[in-house]
Amino acid sequence: MKISKAGSLKGEINIPGDKSISHRSIMFGALAKGTTEVHHFLQSADCLSTISCFEKMGVSVENKGETVLVHGMGLHGLKAPAEILDCGNSGTTTRLISGILSAQDFDVTLTGDASIQRRPMRRIIEPLSMMGADIKSIKGNDCAPLFIHGQKLHGIHYISRVASAQVKSSVLLAGLYADGETSVTEPYVSRNHSELMLNYFGANVTTHGTTATITPASELYARKVTVPGDISSSAYFIAAGLIIPGSEILIKNVGINPTRDGIIKVCESMGADITLLNETNASGEPVADILVKSSNLCGTTIEGALIPTLIDELPVIAVMACFANGTTIIKDAAELKVKESNRIAVMVKNLSLMGADITETDDGMIINGGKPLHGAVIDSFLDHRIAMSFAVCGMASDGETEILGSECVNISYPEFYEDMERLKK
Ligand code: S3P
């Protein structure tokens, strides 16, 4: 994919459904009694991996495009799959499903693509094993493929070293089946979609500070779920609207859950012209339209409790920082190294190629913004968020930028390039 410097971006955009919430709607729908109706489901490769895993365990899913019907099997209705479960590129599928599978009365092997087979699974193997799960990394390298022999589980209080919704959700889902209460305490609060949606489906999850607690459930009950637009996908339009001169974009129907809205806070601290309009609610998740107008940005510091609330947006925030005056410091973000690619190393390498003044640190990066950037050949490392970040960067830079492996956007946003193209004036 080749991207040239763009003129202004103008118009409205409807963002596809939230990836995290779409995954959970299928998983919890599969475990519920009755038929769950999901609207604005994200039809991307990652979410389709989740559907395919549950279909292999006997769940009937009618994917009608805008609407998906999940015919739930009840909490104890999943069947042993006849084949290996393929989680594709999806960390959310791999980690959340492991919590569920640890408690079933059958054995299963799960795996995924080359990226998934490099991502750390010790973070779920450890707490699930403490609950009594029999879960092993088949190659003994703490990565997928994983073999899980379902077991009776007991409740634990797990203190997690990382703020990770995938770890927290995996343990809470196992806790649905445990013989007592299960709690997870994190260093900072990570996204709470599992807690909200499990309660919406009739479970009992409570939250105190950075601790979430679940009591075992006898059943979940099917619900109608309307998935908000994904704030992580909207981040590319927010950034493009702010850094491309003369732009004004209305981004409609975006989930603004406070455990996900760090990008809005960062934009405000960078001096951005960003406004929330029409705030409402979709199936228990807050939603709003976001209006952005091109702005003179200044540098900022992003750290601590803010990091989990914008973890997937940090690549495109690094792009914004290159177009801001002054220094932006990103720290406490070592988790970026274990995403679909090492997002610290990859952002620093690629932004440097485009002429940015950027330095890698142990847990983040330091960017001295304000230097004009020029096009370059950019390797996406098949990481969707890297490809989309450099599409934005390329539109704001001189000359032409070529993105290698650009089709990987199908992981979270298959229509990304077309949607961006429509806003060009
Ligand atoms: C996700 C949690 C985050 C995020 C990922 C989706 C989820 O990962 O980066 O894209 O749906 O729970 P971690 O839990 O590893 O931080």
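Summary table
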read-out: Qualifying residue in region 134-149 (condition: surrounded by fewer than 20 Cβ atoms within 10 Å (Cβ to Cβ), without any contact (Cβ under 8 Å) to a residue 40 or more places away in the chain and among the acidic types (Asp, Glu)); value: yes
read-out: Of residues in region 304-326 being more than 16 Å from the ligand (Cβ to nearest atom) and on the phi < 0 side of the Ramachandran plot, the one surrounded by the fewest Cβ atoms within 10 Å (Cβ to Cβ); value: ASN325
read-out: Residue in region 201-216 that is free of Cβ contacts under 8 Å to residues at least 60 places away in the same chain, in a loop (DSSP other than H, G, I, E, B), surrounded by 24 or more Cβ atoms within 10 Å (Cβ to Cβ) and in contact with a Leu (Cβ under 9 Å, 6 or more places away or on another chain) present; value: yes
read-out: Candidate set: region 327-366, residues that are touching a Gly at 6+ places or on another chain (Cβ under 6 Å) and part of a loop (DSSP other than H, G, I, E, B); chosen: the one nearest to the ligand (Cβ to nearest atom); value: ALA333
read-out: Residue list for region 218-253, restricted to those being more than 30 Å from SER4 (Cβ to Cβ) and in contact with a Gly (Cβ under 7 Å, 6 or more places away or on another chain); value: GLU219, LEU220, TYR221, ALA222, VAL227, PRO228
read-out: So PRO414, is it part of a loop (DSSP other than H, G, I, E, B), more than 17 Å from VAL316 (Cα to Cα) and in the same structural domain as CYS322 (by TED's automatic domain parsing); value: yes
read-out: Those residues of region 269-289 which are under 19 Å from the mean Cα position of the chain (by Cα) and either crowded, with 24+ Cβ neighbours inside 10 Å or small (Gly, Ala, Ser) (or both), in sequence order; value: ALA282, SER283, GLY284, ALA288
read-out: Which listed residue, of SER169, SER102, SER137, is at pLDDT 95 or above and within 16 Å of the ligand (Cβ to nearest atom); value: SER169
read-out: Hey, TYR188 more than 14 Å from the ligand (Cβ to nearest atom) and either not in a loop (DSSP other than H, G, I, E, B) or not assigned by TED's automatic domain parsing to the domain that holds THR259 (or both) or not; value: no
read-out: Some residue of region 151-159 being within 15 Å of the ligand (Cβ to nearest atom), at pLDDT 95 or above, under 30 Å from SER294 (Cβ atoms) and not hydrophobic (A, V, I, L, M, F, W, C); value: no
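The values are calculated or read from the model by the stated rules, or taken from the named source; none is laboratory data. All of these numbers come straight from a predicted model, not from anything done at the bench. Note that each Cβ is placed from the backbone with ideal geometry, even for glycine, and that neighbours are counted across all protein chains shown.
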